[in-house]
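Student: One structure is given below, represented as structure tokens, and several questions about it will come after.
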Amino acid sequence: MAKHHIAAVVNGDPVEFLCEPGDTLLDVLRDALGLTGTKEGCSTGDCGACSVTVDGRLVCACLMLGVEAAGTSIGTIEGMANGEELHPLQRKFLEHAALQCGICTPGFLVAAKSLLERSPDPTETEVRYWLAGNLCRCTGYDKIVRAVLDAAAEMRGA
Amino acid sequence: MRYEAPNTLDQAVALLAAELGEARVLAGGTDLLVQMRTDVIDPVLLVDIKGIAETRQIREEAGGFRIGAAVTGAELKEYPRLGSVWPGVVEAANLIGSTQIQGRATMGGNLCNGSPAADSVPALIAAGARASIVGPQGRRDVAVEDVMLAPRKLSLAKGEIVASFLLPAKPPRTGDAYLRFIPRTEMDIAVVGCGICLTLDARGACTAARVSLGAVAERPLLVAEAARVLTGNEALPVLLQKLDAAARAACRPIDDKRGTKDYRIKVAGVLARRAAQIAYQRARES
Ligand SMILES: Cc1cc2nc3c(=O)[nH]c(=O)nc-3n(C[C@H](O)[C@H](O)[C@H](O)COP(=O)(O)OP(=O)(O)OC[C@H]3O[C@@H](n4cnc5c(N)ncnc54)[C@H](O)[C@@H]3O)c2cc1C
Ligand code: FES
Ligand code: FES
């Protein structure tokens with residue numbers, strides 16, 4: 001079967017890749033584009049480790065095909081820091097020790113960034129519901145939620 | 001496996017109809033990709049319908065709303081007015097999965113995946129929604145309760161696609177609601193789901209109702225008897241007790257890891273009462 005030739009934008013840069021019809025966007029990001037910050041936990045939509053944005057919408061990269069990415073603009077964890085300068089969410093995750101093994105962290109950061117773009121001043125409940133599709137086996141979530149709320153406050157200039 | 005992304009329904013139908021092997025419509029892929037990944041299905045053709053305008057639009061029609069079958073849960077929630085006119089439908093669609101799933105999951109996929117526990121389906125049934133189905137023989141309109149037959153079995157012929165849903169004009173003093181019970185607060189499949197839509201007269205008595213139950217039978221049910229008791233003359237607490245009994249009587253559930261038969265039957269009655277109370281409140285305020 002002929003591979004599909006796909007053009008998209010990833011973290012602001014135009015990219016092109018070849019993929020099989022059955023390859024997921026997660027396979028493409030990690031294997032074809034070498035963007036291994038997006039993690040594979042379950043491959044069935046349950047854990048959120050593969051969270052990315054597609055045209056501004058938060059999705060699981062494991063539940064989308066690479067071919068479906070044609071013409072879209074994708075945001076991954078690699079696009080979050082500005083060069084050496086960490087995003088406030090990244091800094092707050094470090095400050096609050098909101099990670100242990102770290103495999104869930106890129107997904108949480110991408111998901112939290114997407115929340116704060118829509119809702120700059122979320123309640124704790126809002127944060128917990130928005131992040132309900134991101135699983136963490138290490139932290140117990142509390143520090144993650146605190147880090148997100150603290151980053152939101154800083155980003156609002158509070 | 002081949003992947004096709006046609007721009008018209010006719011092309012999509014022709015592709016599906018011509019494929020001799022297993023062909024599947026691809027909407028949000030949140031069921032399909034999981035089933036492919038876990039080897040439940042192994043299609044030779046995927047026809048992505050998201051490039052087809054009708055499947056992706058919401059517009060006002062005949063006083064109600066025409067909703068494309070491939071509109072996502074997140075888009076439904078953002079569409080102005082829809083959530084205030086048919087809050088039960090929007091809330092039900094928004095119960096599907098996490099934020100990430102909401103970004104992709106569609107009501108067309110929820111219905112056509114053929115799960116008796118699909119959350120948006122009882123809400124669509126209660127609201128009196130109709131599915132507009134396009135296939136090799138042309139277009140037909142079918143009540144949503146007549147689309148699913150049994151787990152993974154639909155009344156769609158080969159090559160047929162659900163293109164859109166029509167939510168009817170909502171009569172005055174009408175309210176809808178959907179409630180589901182899951183063992184935790186997010187990210188689980190319904191033990192029972194209940195959608196109710198009811199219409200009140202000027203004095204506040206119920207004149208028409210539709211009650212639908214999910215996850216208590218081989219497919220989502222429209223429970224005529226439960227609707228009938230709601231239009232009786234008794235006081236509200238009596239009506240709700242009768243509704244509870246009628247909902248329980250309609251259940252023919254299975255035992256599984258999420259709940260036993262007895263438990264599902266009991267919860268169906270409780271949810272029916274609670275959903276009816278929300279629908280009453282919304283009907284009074286509408
Ligand atoms: C983590 C997770 C959590 C979930 N939680 C819930 C939940 O709480 N409640 C719930 O109800 N579901 C849940 N689901 C299941 C799933 O997300 C929903 O059923 C969703 O609505 C499916 O829509 P989709 O567009 O992704 O369908 P797809 O996966 O694209 O399609 C599903 C099936 O329907 C067929 N199909 C799709 N669209 C059409 C059409 N227009 N015409 C004809 N056939 C069509 C496809 O061929 C396929 O067989 C969950 C799934 C995941 C992965
Ligand atoms: S890897 Fe995609 S949700 Fe787990
Ligand atoms: S830090 Fe280990 S899973 Fe979250």
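The values are calculated or read from the model by the stated rules, or taken from the named source; none is laboratory data. For clarity, every value in this text was computed on a predicted model and none was experimentally measured. Ideal geometry is used to build each Cβ from the backbone, glycine not excepted, and the neighbour counts take in all protein chains shown. Please note that ligands, DNA and RNA were not included when accessible areas were found on the heavy atoms of the full protein model with its side chains. Shrake-Rupley method; radii C 1.70, N 1.55, O 1.52, S 1.80 Å.
Student: Who wins for biggest fluctuation among A:102, A:22, A:66 in a Gaussian network model of chain A, springs between alpha carbons below 10 Å?
Tutor: Between A:102, A:22, A:66, it is A:22 that shows the largest mean-square fluctuation.
Student: For the protein assembly as shown, which whole percent of the accessible surface, found with a 1.4 angstrom probe, sits on carbon and sulfur atoms?
Tutor: Its accessible area is 52 percent carbon and sulfur atoms.
Student: Please compute the length gained on full extension between residue B:143 and residue B:256, using 0.36 nm multiplied by the number of residues separating them and subtracting their Cα-Cα distance.
Tutor: Computed gain between residue B:143 and residue B:256 is 37.8 nm.
Student: Ok, one more. In nanometres, what is the gap between the two model label sites at residue B:225 and residue B:11, each 7 Å from Cα along Cα-to-Cβ?
Tutor: 5.1 nm
Student: If you don't mind, there's one more thing I want to ask. Count the lysine pairs in the protein assembly as shown that are 8 or more places apart or on different chains: how many have C-alpha atoms under 30 angstrom apart?
Tutor: 29
Student: For segment B:93-105, just list the computed ³J(HN,Hα) in residue order, Karplus coefficients 6.51, -1.76 and 1.60, θ = phi - 60°, integers in Hz, with x standing in for Gly and Pro.
Tutor: 4, 7, 7, 5, x, 8, 3, 4, 5, 4, x, 10, 5
Student: Still on this structure, I have one more. Using the Cα centre as the reference, give the magnitude of the dipole from point charges on the C-beta atoms of segment B:150-278 (Lys, Arg: +1; Asp, Glu: -1; all else neutral), rounded to the nearest 20 debye.
Tutor: It comes to approximately 140 debye.
Student: Trypsin sites (Lys or Arg not before Pro), restricted to segment B:183-286: which are DSSP loop and have at most 10 other Cβ atoms within 10 Å?
Tutor: The qualifying sites are B:184, B:203, B:257.
Student: According to the Kirkwood expression over distinct Cα-Cα pairs, how big is the hydrodynamic radius of segment B:1-113, in Å? Don't skip to the answer; put the middle values down first.
Tutor: Numbers: mean 1/r = 0.0673 Å⁻¹.
Hydrodynamic radius (Kirkwood, Cα only) of segment B:1-113 equals 14.9 Å.
Student: To the nearest hundred square angstrom, how large is the accessible surface buried between B and A, total for both chains, probe 1.4 angstrom?
Tutor: Protein heavy atoms only, the B-A interface buries about 2100 Å².
Student: If you take the Cα Rg of segment A:98-148 and divide it by 2.2 N^0.38 Å, with N the number of residues, what do you get?
Tutor: 1.03
Student: Residues of segment B:1-46 losing 40 Å² or more of accessible surface, assembly versus chain alone, probe 1.4 Å, please list them.
Tutor: Relative to the lone chain, where solvent access is computed with a 1.4 Å probe, segment B:1-46 loses at least 40 Å² at B:1, B:3, B:33, B:34, B:37.
Student: Sticking with this structure for a sec: How long is the protein assembly as shown along each principal axis, judged by its Cα atoms, biggest number first, in Å?
Tutor: 71, 57, 41
Student: Can you pull out the trypsin sites (Lys or Arg not before Pro) in segment A:1-106 whose DSSP state is coil and whose Cβ has at most 16 other Cβ atoms within 10 Å?
Tutor: In loop regions of segment A:1-106 (DSSP not H, G, I, E or B), the sparsely surrounded trypsin sites (Lys or Arg not before Pro) are A:3.
Student: Just to be sure I understand the interface: list residues from segment B:99-119 that lose 10 Å² or more of accessible area between the chain on its own and the complete protein assembly, 1.4 Å probe.
Tutor: Listed in order, they are B:99, B:100, B:101, B:103, B:104.
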